[in-house]
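**Student:** Please find one structure pasted underneath; my questions will follow.
A short reminder: the numbers here are calculations on the coordinates, not readings from a lab. Everything numeric here is computed off the predicted structure, so don't read it as measured data. Cβ placement follows ideal geometry from the backbone for every residue including glycine, while neighbour counts extend to all protein chains displayed.
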Amino acid sequence: MTEEEKEAEKQRVAGLTEFQKDQELRALNRQIAKLEMLKGINTGELYTWTGRYKQLSRDYGFPLMAYYFSVWGLTGIGVYMLLQFGNVDAMALIARVDSMTGFDFASKIDPTYGTIGLTLVVNEMIEPLRLPIVILTVKPVVDRIFPPKF
């Protein structure tokens, strides 16, 4: 748009009521969604996991990341609690890995850090289960917490 067109649009929008602005923004959002879908069909991204994830990132942005890391943190806390209350000896597991690999980490690691390390490893091993759940639930959860305005 040229500067004159921008100014004309600003003046036109300034003369609209709030209801008219709301209706216009809703119509524009519908058009943008349709164009994004057509783009995804033309590029083939609509039918790939990467394309779907790009669409989620574009549509939800920061709330998606906040939701994902909240779920990641909660599963990490859950794993830590299971290790603590299940009386899992992290140092024994590290010593077992040491015997298989030939390293000597068990003698160099504090037991508290060993438990935290084991928690991080197990939490990352859960990722193939966690990610599909996050992807399937992100729309209803984020729309509930941050309702769309338009």
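**Student:** So what are the three principal axis dimensions of the chain from its Cα atoms, in whole Å, longest to shortest?
**Tutor:** Each principal axis gives a Cα extent; for the chain these are 74, 33, 29 Å.
**Student:** Check cross-link reach from Lys139 to the aspartates and glutamates: straight Cα distance under 12 Å, and skip same-chain residues fewer than eight apart.
**Tutor:** Asp59
**Student:** For region 61-145, what does the relative contact order come out to in percent, with C-alpha contacts under 8 Å and a separation of six or more?
**Tutor:** Contact order relative to length: 42 percent.
**Student:** Moving to a separate point now. Give the calculated FRET efficiency between Phe85 and Phe105 to the nearest 0.05, with a Förster radius of 25 Å applied to their Cβ-Cβ distance. Intermediate results must be reported in sequence, preceding the final value.
**Tutor:** Values: r = 25 Å, r/R0 = 0.98.
Efficiency at R0 = 25 Å is approximately 0.55.
**Student:** Take every Cα pair under 8 Å in the chain that's 6+ residues apart, average their separations, divide by the length, and report that relative contact order as a whole percent.
**Tutor:** 25
**Student:** Run a plain Debye calculation on region 61-145 (Cα atoms as equal point scatterers, no solvent) and give log10 I(q)/I(0) at q = 0.13, 0.15, 0.23 Å⁻¹, rounded to two decimals, same order as the q list.
**Tutor:** Reported log10 I(q)/I(0), two decimals: -0.53, -0.65, -1.04.
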